[in-house]
Amino acid sequence: MNKVTTAALAGLMVVTAGAQASVSRWNGFGSAQAYIADVQDIFTLPGVVASHADTTYFELGPVGTALNLAGANNDLSTGAVWGGVNKAIAGGVLGVWFNRTSNTLASLDQSYVAPDSGVGAATAAAAAFTSDVQATLANQIDLIYGFNLSDSTTLGFGLSRGTNSTKTETVTTTTSSTETNVSDYGISLGVEQKEVGPIALLEVGLQYNTRNDNFTSKNTQTDKILADGSNIAIRIGGDTAGKDGAFGRIELGLGLASLTLKDDFAGFSNPGNVFVESKNSAMAWNLGYAMGKSSDKGMGLCGIMLHSSSTSVNEAYNGTEVNKTDNSKLELTVATAGEAKVASWLTFRAGLESDLFYSETQVSEVGASGATTKTTISNDDSNNAASASPHANAKASMGVSLMLGDLILDGVFNQGLLYSGPYLVSGIPAAYASQVSLTWPWGGSKN
């Protein structure tokens, strides 16, 4: 972000070595990360890239869960490694990022299940449409370019692409095959404007993605599953500056998503009571504010966030006219976080969050038209097993940064180390961090 001009955040910038930080640093703060400047903001606020030139970022992913002495299971999970480089070029800054597995939009907690044609196609295709709709993307690249239009205005533009295709053919007395093709394309726009009334820096980002998947199974019959979806989101952030390092941050976000899956039976009849079309939609919004104080030794903040989301899945069965599930939730969360530079080579951070209010309602309708069974589940306990997305009412997080010359190694602290120790006697290794990122500033970013 262009927050080097915001006096209130000057201390924070010093602690993070020019704000050249990482996902691991973010996760060390917990949900308070929403209020903290970081290079990772470029995916929702493209203008941020203009102030993060000449740096390479390595997101090394989470540590494997099954460590052993031989190290055979010490590899990073598939797709966990990603990163990019930002380079000053043509009067601006160009960011090129590879293999970013997360959606360019905020997660809407959706869970999609592929239609089951009864001929086995859905079983093979389910992984392509379950949980995160971008889970199967490969060959991913993000291009983000930002430049200063004037002393007070910065513009940013982004393009993203992800594809994947697989084909398996088996020849015995007959020939059978399965084929999957996935594509996702996105565009993002951003603007940063300084001194907008009481707002020292106003940031706006808009993202749009479109998704197309298809799965084809050929044997004695042909079955096709098609998926089309889109996502659109807007994020608005505003910084206020006070005296002696005091600062404030306003966050507002809205996201909409839709996905339709269809099963084409290619001329043969539906063999059972299964749905042939799944219509999915989701919406989420958040509104938050945080205030804090920073210095060259560290910073601290406390914030509050109101978040609402809803999802709808409508899957009419063959011979059954209603099969619909709606889920909605509203939560109010308070979060506090701090960061301290305890030595020239070591920075420590921590975050704590808790629900002040939580409410969730799930409504299911199943049955023939005029004779449906409607079930409603309501609860105010986010840790309840009946919740569609259960999570702990309170969470704590910790992180550390090691400055090794020009390199910055960020980690999410493995809290189990506090209870079990490094197993010096048993010889079982325990990593100090559960997630690791590496930042390498070079060129102009070192000055």
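The values are calculated or read from the model by the stated rules, or taken from the named source; none is laboratory data. Predicted model, so just to flag it, every value in this text is computed and none were measured. We place every Cβ from the backbone using ideal geometry, glycine too, and count neighbours over all the protein chains shown.
Things to note:
- Of residues in the range 141-156 being modelled with pLDDT of 95 or more and β-branched (Val, Ile, Thr), the one farthest from Asn86 (Cα to Cα): Thr153
- Here Gly229, Gly255, Gly245 are screened, and the one residue that is at pLDDT below 90 and at positive phi is Gly245.
- Test result for Leu424, within 26 Å of Val23 (Cβ to Cβ) and either modelled with pLDDT of 75 or more or not hydroxyl-bearing (Ser, Thr, Tyr) (or both): no
- The listed residue being part of a strand (DSSP E or B) and in contact with a helix residue (DSSP H, G or I) (Cβ under 7 Å, 6 or more places away or on another chain), out of Val400, Val363, Val412: Val412
- Test: residue in the range 281-300 that is under 30 Å from Ser230 (Cβ atoms), in contact with a Phe, Trp or Tyr (Cβ under 8 Å, 6 or more places away or on another chain) and at pLDDT 80 or above: yes
- Candidates are the residues of the range 427-447 that are loosely packed, with under 15 Cβ neighbours inside 10 Å and not in a loop (DSSP other than H, G, I, E, B); the one that is modelled with the highest pLDDT is Gly443.
- Here Thr154 fulfils each of the conditions (1) closer than 21 Å to Arg100 by Cα; (2) touching a helix residue (DSSP H, G or I) at 6+ places or on another chain (Cβ under 8 Å); (3) polar (S, T, N, Q) apart from (1).
- Residue within the range 193-215 that is surrounded by 19 or more Cβ atoms within 10 Å (Cβ to Cβ), of a type in the set (A, V, I, L, M, F, W, C) and closer than 19 Å to Asn139 by Cβ present: yes
- Residue under evaluation Asp223, criteria (1) modelled with pLDDT of 80 or more; (2) of a type in the set (D, E, K, R); (3) part of a strand (DSSP E or B), criterion not met: (1)
- Qualifying positions in the range 258-273 - small (Gly, Ala, Ser) and modelled with pLDDT of 80 or more: Ser258
- So Thr163, is it surrounded by fewer than 20 Cβ atoms within 10 Å (Cβ to Cβ), out of contact with any helix residue (DSSP H, G or I) (no Cβ under 7 Å at 6 or more places or on another chain), at pLDDT below 50 and under 21 Å from Ala80 (Cα atoms): no
- Some residue of the range 339-352 being within 21 Å of Ala396 (Cβ to Cβ), loosely packed, with under 15 Cβ neighbours inside 10 Å, aromatic (Phe, Trp, Tyr) and at pLDDT 90 or above: no
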